[in-house]
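Accompanying notes for the structure given below.
No value in this document is a laboratory result; all are computed from the given coordinates. None of the values given here were measured: they were computed from a predicted structure. Cβ atoms come from the backbone with ideal geometry, glycine included; neighbour counts cover every protein chain shown.
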Amino acid sequence: MENEWAIDSNESDVLIKTRHSLIDYMSGSKNNFKGHVAIQNDQVEDASIEFLLNVNDKEVNSNQKNKDLKLIDFFDKNESPVIQFKSTSFEKINKNINFLKGFLTIKNITKMVELDTEFIGFNNYNGVQKASFEITGNINRKDFGLNYNMLSQSGGYAVGKDIKLIANLEFTH
């Protein structure tokens with residue numbers, strides 16, 4: 001029996017991080033998430049995911065901003081600081097290993113990426129059935145023009161070439 005599940009923006013979020021530190025957290029309540037998954041026999045059979053994240057749409061504590069690198073620091077002030085992903089295909093390997101391919105756009109540069117998609121499981125919240133997923137991918141930030149860097153206290157660069165995108169997505173039935 002196959003069921004379509006719709007994404008719940010309010011319960012979804014994206015983390016952008018490097019190996020040692022969190023760069024940004026973007027909650028679904030302030031960003032635009034769209035998508036659905038098809039689940040059959042407790043396994044994902046198909047998925048379509050889109051999100052549009054505005055990395056400048058938050059209140060920033062100025063003291064915190066001076067200490068930590070934020071994603072907005074990578075953008076020029078005249079640019080529209082958005083990250084967009086739109087899936088083009090879903091490949092099922094087994095129950096927990098799936099790949100979502102799609103177009104990722106950062107700083108008006110669009111590239112095809114492949115993201116790992118893990119089905120975390122089902123839960124029931126106040127009578128509403130939910131399904132949770134984690135989508136992860138390593139992205140070479142320089143491929144998207146995210147060239148800004150800052151020196152760490154030890155004199156090396158604070159951010160490596162790869163950033164990790166982690167999307168925690170929740171779907172309701």
| Within the set Lys77/Lys130; Lys107/Lys130; Lys101/Lys142; Lys95/Lys142; Lys130/Lys161, which residue pairs have Cα atoms separated by over 31 Å? | Lys77/Lys130; Lys107/Lys130; Lys95/Lys142; Lys130/Lys161
| Sorted peptide list for 110-117, 6-13, criterion being average Cβ within 10 angstrom, highest first | 6-13, 110-117
